[in-house]
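*Asks:* The following block contains the structure, expressed as structure tokens.
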Amino acid sequence: MIIPLTETHFDAVIALGNQVHGDGYLDFETLAHIVKLGNKHDINSCFIAIDEGDLLGFRLCYASGQWPIDKWCTISDWQVEPSKVGYLKCNTVAEQARGKGLGGKLLTASIAALTEQGAIAGVSHLWKQSPNNAAVKYFTKAGGRLIKEHPNRWNNTVEHPQYICILCGPNCHCAACEMLLMF
């Protein structure tokens, strides 16, 4: 079942996020801030997938006009007004639930919410080193277009100062594929 993310689920989301992406990826304060920025017009764009009370995955988003466009965003190549672009921050699925379409269902739920909030597109920075490059593959299959590849995207960022990558350790050199998806 796909439902909006609420504070009730924060502990499970933080645990899964840190398990999949690495220690320090999420904490309570960071997650609360993301969810706040994902809400617009009383519409929540952050969702979870649960089955019999078990968290299987989550999608975190920022509403259009409510997220900081930073140096990792190549807005000149988006060909859409930045104020109409939501940010598809994170899609995470537990290992035992992968390959069953949950990532796509979470994306569909977030796109519907972002559209209802007024967005016409979403941008994301996808983890190129995800297992079998699954993140970029699924986003491409959904219609995402590669804008630019950013090496070292998650290395010592303000967003995740305590982050320890599951592949690189504390000095992450993973690449992010900036991709745009029109709604």
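*Asks:* Where nothing but the Cβ of Lys and Arg (+1) and of Asp and Glu (-1) is charged, how large is the charge dipole of segment 1-70 around its Cα centre, in debye to the nearest 20? Walk me through the numbers on the way to the answer.
*Replies:* Values: 3 positive and 10 negative charges, 69 e Å.
Computed charge dipole of segment 1-70: roughly 340 debye.
*Asks:* Which whole-number value in Å² is the accessible area per residue of segment 1-73, probe 1.4 Å?
*Replies:* 49
*Asks:* Rounded, prolate or oblate: which fits the chain, taking a ≥ b ≥ c as square roots of the Cα gyration tensor eigenvalues, rounded meaning a/c under 1.5, else prolate when a/b beats b/c? Don't jump to the answer; show the numbers that get you there.
*Replies:* Numbers: a/c = 1.31, a/b = 1.04, b/c = 1.26.
Rounded.
*Asks:* Leaving out ligands, DNA and RNA, and with a 1.4 Å probe, what % of the accessible surface on the chain is carbon or sulfur?
*Replies:* Values: 4840 of 9020 Å².
The nonpolar share, carbon plus sulfur, comes to 54 percent.
*Asks:* To the nearest 500 deg cm²/dmol, what mean residue ellipticity at 222 nm is calculated for the chain from DSSP H runs of n ≥ 4 alone, each contributing -39,500 (n - 2.57), summed and divided by the residues?
*Replies:* Details: 4 runs with 47 residues, N = 183.
Using -39500 (n - 2.57) per qualifying helix, the result is -8000 deg cm²/dmol.
*Asks:* Of A135, A94, M1, which is farthest on the positive side of the dipole of the chain, counting Cα position, with +1 on Lys and Arg Cβ, -1 on Asp and Glu Cβ, and the Cα centre as origin?
*Replies:* Toward the positive end, the furthest listed residue is A135.
*Asks:* Then there's this: Report, in listed order, any pair from K71/K137; K36/K137; K36/K100; K89/K148; K84/K148; K40/K89 with a Cα-Cα distance greater than 26 Å.
*Replies:* Details: K71/K137 24 Å; K36/K137 29 Å; K36/K100 29 Å; K89/K148 16 Å; K84/K148 20 Å; K40/K89 16 Å.
Correct reply: K36/K137; K36/K100.
*Asks:* For segment 87-152, report the accessible area per residue in Å² (1.4 Å probe, heavy atoms, rounded to an integer). Write down the numbers at each step before the final one.
*Replies:* On the way: 3150 Å² over 66 residues.
Counting only protein heavy atoms, the per-residue value for segment 87-152 is 48 Å².
*Asks:* Something else about it: Using Cα centres only, tell me the gap between segment 94-120 and segment 11-84 in whole Å.
*Replies:* Answer, in whole Å: 11.
The values are calculated or read from the model by the stated rules, or taken from the named source; none is laboratory data. Computed from a predicted model, the values in this text were never measured in an experiment. Methodologically, a virtual Cβ is constructed for each residue, glycine included, from the backbone with ideal geometry; neighbour enumeration extends over all protein chains shown. Ligands, DNA and RNA are stripped out before the accessible areas are found, and what is left, the full protein with its side chains, is counted by its heavy atoms. Shrake-Rupley method; radii C 1.70, N 1.55, O 1.52, S 1.80 Å.
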